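Take a look at the structure set out below.
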Amino acid sequence: MKIVDLRCAIIGRSPVVRIVTDEGVSGYAQAETWKPYLKPHILALRDALLGEDPRLVERVMRKIRQRGGFKPWGSAVSVIEMALWDLAGKAAGLPVHRLLGGKVRDTVRVYNGAVRFPMAGHEPEDYAADIEKMMQSREGFTIIKQPIGFHSDMKRSIPDFYYGNPTPSPLHGALDRGPVTERGINHVVECVAAMKQVTGDKVGLALDCGPGWMLADAIKLARRLEPYCLLWIEDLLSGDYTPWVDAGSYRELTRASATPIHTGEQIYLRHNFKDLIEQHAVHVVGPDPADVGGIAELKWIAEFADLHGIMMAPHGTANGLLGLGALVQVCATLPDNFIAFEYTIGDPAWWYDIVEGLPDPVVSDGHMLVSDRPGMGVDLIPEKAQAYLADEDRDFFA
């Protein structure tokens, strides 16, 4: 079996890859939504793949892995890796989890991720009301993560939240950063207290906090939040779209508080998790398979973290329904340090009409069933997806 083509189409707002072989079997994968600009970066890797056997995933990946980088550029390599695994599974007639060593769990826990409701504001009562809605959602989430602080409009809507000015930028992930006022820290703690009044000990609560906090303020916040038994507080110092790790600062933060510290969604490759893990700089790592280099890379990081007593909660908010299939397959194989992965939805909603293989319901009691379908388990339906292709992509399924 040989690769004869690499194609990329924008479906909705997502780059979708198709790896075509000489035996009529194709592998598909989806990059994170909102990254249509990645298409030329993906296609730039085409020539390196032609003539290769896609079932030899690692051999193919050695040719392109060094071409990626921190979020968003690692997505180009990651989406190809996932398409290779999808193709290898289909060629073998096996689910991908069997190729990764086999599933160790039949269902996989997820947390809310892309399931969101509009909030009236950023006062404690608004957060309490939002958590109430989330607890009543049909998915039955047992873990809920809430954006707060610099990872929300709180920095704009709460007067004197921090000593600085939000960055006017059209780009997602613009880095707003600065010292937080006493009022700002008190406000975050009051919002957390209001949410915990609703969740009690029935649902685990995690916070997506930044990036943007200074180390001293992050330590203050983590200590103030200790009584609330949070699952983790995420990306306080660095995170989404910050192309560095800063393991030393994270280690100081982690040593200063019993509140679990989490980061990793922007990091590319296992090599860049090495210091975080070996230095015990965090309690939880959260690589994204669509940014870290793919699902095999994520599995390696999970196993290395487990050896060091560090937990795993993969990112995946905007990875779409093909990405959801990939997350389920790899998370079914992870060690016992796995907590849950971030649930991703079809966006736009018509994505549910152009794929097959999702369980019904997709999520029940906060868990997803692990598919035993060949490949990633979630497949495009070409005749239905064709209608959503731009003119330049009309030959994507040809």
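So here's what we get for this one:
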read-out: Sole residue being farther than 30 Å from Ile19 by Cα, touching a residue at least 60 places away in the same chain (Cβ under 8 Å) and in a loop (DSSP other than H, G, I, E, B), chosen from Arg116, Arg138, Arg105; value: Arg138
read-out: Breaking point among (1) surrounded by fewer than 20 Cβ atoms within 10 Å (Cβ to Cβ); (2) touching a residue at least 40 places away in the same chain (Cβ under 8 Å); (3) among the hydroxyl-bearing types (Ser, Thr, Tyr), for Tyr228; value: (2)
read-out: Those residues of the range 180-212 which are of a type in the set (Ser, Thr, Tyr) and either outside the structural domain of Arg224 (by TED's automatic domain parsing) or under 14 Å from Gln146 (Cα atoms) (or both), in sequence order; value: Thr199
read-out: Subset of the range 274-299 [of a type outside the set (Val, Ile, Thr) and over 21 Å from Glu32 (Cα atoms)]; value: Lys274, Asp275, Leu276, Glu278, Gln279, His280, Ala281, His283
read-out: Qualifying positions in the range 42-59 - within 24 Å of Leu100 (Cβ to Cβ), free of Cβ contacts under 8 Å to residues at least 40 places away in the same chain and either surrounded by 13 or more Cβ atoms within 10 Å (Cβ to Cβ) or touching a helix residue (DSSP H, G or I) at 6+ places or on another chain (Cβ under 8 Å) (or both); value: Ile42, Leu45, Ala48, Leu56
read-out: Residues of the range 141-164 satisfying the condition of being over 27 Å from Asn112 (Cα atoms) and either assigned to a strand (DSSP E or B) or in contact with a strand residue (DSSP E or B) (Cβ under 6 Å, 6 or more places away or on another chain) (or both); value: Tyr162
read-out: Residues being of a type outside the set (A, V, I, L, M) and either under 15 Å from Gly27 (Cα atoms) or in contact with a helix residue (DSSP H, G or I) (Cβ under 9 Å, 6 or more places away or on another chain) (or both) - total across the range 360-387; value: 9
read-out: Elements of type helices (runs of 4 or more DSSP H) contained in the range 294-398, each with 2 or more residues being of a type outside the set (D, E, K, R) and touching a Pro at 6+ places or on another chain (Cβ under 9 Å); value: 295-307, 320-331
read-out: Single unsatisfied condition, Ser137 versus (1) farther than 30 Å from Thr167 by Cα; (2) buried (at least 17 other Cβ atoms within 10 Å of the Cβ); (3) among the hydroxyl-bearing types (Ser, Thr, Tyr); value: (2)
read-out: Residues satisfying the stated conditions in the range 336-350, i.e. of a type in the set (A, V, I, L, M), touching a residue at least 24 places away in the same chain (Cβ under 8 Å) and surrounded by fewer than 24 Cβ atoms within 10 Å (Cβ to Cβ); value: Ile339, Ile345
read-out: Criterion (surrounded by fewer than 24 Cβ atoms within 10 Å (Cβ to Cβ), assigned by TED's automatic domain parsing to the domain that holds Ala206 and closer than 29 Å to Ile11 by Cα) met by exactly one of Lys274, Lys299; value: Lys299
read-out: Some residue of the range 119-140 being among the basic types (Lys, Arg), more than 21 Å from Asp240 (Cβ to Cβ) and in the same structural domain as Pro260 (by TED's automatic domain parsing); value: yes
read-out: Check on Ala76, surrounded by 24 or more Cβ atoms within 10 Å (Cβ to Cβ) and either under 20 Å from Glu297 (Cβ atoms) or touching a His at 6+ places or on another chain (Cβ under 8 Å) (or both); value: yes
read-out: Filtered residue count, the range 365-392, keeping only those that are over 15 Å from Gly325 (Cα atoms) and within 20 Å of the chain's Cα centre (by Cα); value: 1
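The values are calculated or read from the model by the stated rules, or taken from the named source; none is laboratory data. Note that the structure is a prediction, hence the values are computed from the model and not measured. Positions of Cβ are backbone-derived with ideal geometry, glycine not excepted, and every protein chain shown enters the neighbour counts.
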